[in-house]
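Structure, as structure tokens:
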Amino acid sequence: MLSVLAITFPIFAMVALGYGLVARGVFRPEDMKVLGRYVMNLALPALVFQAVASSPIREVFNLSYMAIYLTGALGTMLLAFLWFSARTDPARRGVAVMGTTCPNSGFIGYPLMLILFPDLAGRILAMNMLIETVAIIPLALILIELGKPAGAAHPLARARQVLLGVVRRPLMIGMLAGLAVSFTGVALPGPVERVASMLAASAAALALLVIGGALVGLPLRGNRALAGQIAAGKLLGQTALTVLALVGLGALGLGLEGDLRAAVILSAAMPMFTIYAVFAQEVGQEGLASLAQLMATAAAFFTLNLLIALLV
């Protein structure tokens, strides 16, 4: 168990450091937003570009991994929709479903994968982000739109806006540029590769600091029971359904072995993404989302350690 804690301790220590720096006034909450934009707009796109560009095109994406990850997420979304439809109103239902199905692959997932599977971490991030930005997040946003009062933007119109915005995201631009380089087989010039490496190297530490700093001052007024269900659905429900997808699709010839098998389960077990409360604010449920996010981030210390002990 000590060997497992040695893996996860740096992750949660950096989160705690980020929290402490903001709580003590060394940084302001607004500073975390600036650092977060740097990570999302520069560091992570450079990382994805480097990981994809440096691999042969046939090795960039693993279709079995992506199918399992997507199936687990969609199964979680369906069950969460049914569960929360019976327990709360449409506005909170959409927020709850998003919380159970949108993992934090960039700010927590990537740093952990970098420790566990350094040679695969960039590819895992690229595959996770592709599934999340093209499928999972747009579907969750549609459900949030369904919870808005009549007269608000039509869910399909909102989905169209989201999908159009996907290709303009720096992460997607980095991925597409990396695919172009990988497909042509052209070697990156040395200076370009060094710049990408320098930006990519800054992603993990800053991402974890941002997670911790963003937890300071969150509005934590909300339904604790519902927030607990969201956190449990994210950490336990999506993990369990991804394991079922792994077994089921494996029986159909889409199985995974070794590090990718562990990675897809751990990816599903991450707490919800950083901007969860921002989306929840659209329907006045940022308190519920923040409370669920805090619960899930704290509980992930225990659930991730247990999974790593079982899988790695």
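The values are calculated or read from the model by the stated rules, or taken from the named source; none is laboratory data. None of these values were measured; they are calculated from a predicted model. All Cβ positions, even for glycine, are placed from backbone atoms using ideal geometry, and neighbour counts span all protein chains on display.
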request  = Only residues that are surrounded by 18 or more Cβ atoms within 10 Å (Cβ to Cβ), over 18 Å from the mean Cα position of the chain (by Cα) and part of a helix (DSSP H, G or I): list them for the stretch 217-235, please.
outcome  = L226, A227, Q229
key: Pair list, Cβ under 7 Å, 6 or more apart: the stretch 236-248 residue more than 15 Å from T100 (Cβ to Cβ) and in a helix (DSSP H, G or I), other residue aliphatic (A, V, I, L, M) and at pLDDT below 95   = L246/L256
request  = Give the residues of the stretch 273-293 that are over 14 Å from I137 (Cα atoms), polar (S, T, N, Q) and buried (at least 21 other Cβ atoms within 10 Å of the Cβ), sorted by residue number.
outcome  = Q285, S290, Q293
inquiry  = Which residue is surrounded by the fewest Cβ atoms within 10 Å (Cβ to Cβ), if the candidates are limited to the stretch 62-93 and must be β-branched (V, I, T) and part of a helix (DSSP H, G or I)?
reply    = T71
ask   = Of all residues in the stretch 249-261 being in contact (Cβ under 8 Å) with a residue 40 or more places away in the chain and not in a helix (DSSP H, G or I), which is nearest to N128 (Cα to Cα)?
value = L256
message = Looking at the stretch 24-37 only, could you name the residues that are surrounded by 15 or more Cβ atoms within 10 Å (Cβ to Cβ) and assigned to a helix (DSSP H, G or I)?
response = D31, M32, L35, G36
remark   = Listed by first then second residue, the pairs whose first member lies in the stretch 262-284 and is closer than 18 Å to L249 by Cβ, whose partner is assigned to a strand (DSSP E or B) and of a type outside the set (A, V, I, L, M, F, W, C), with beta carbons under 7 Å and at least 6 positions apart or on separate chains, are S267/P103; A268/P103
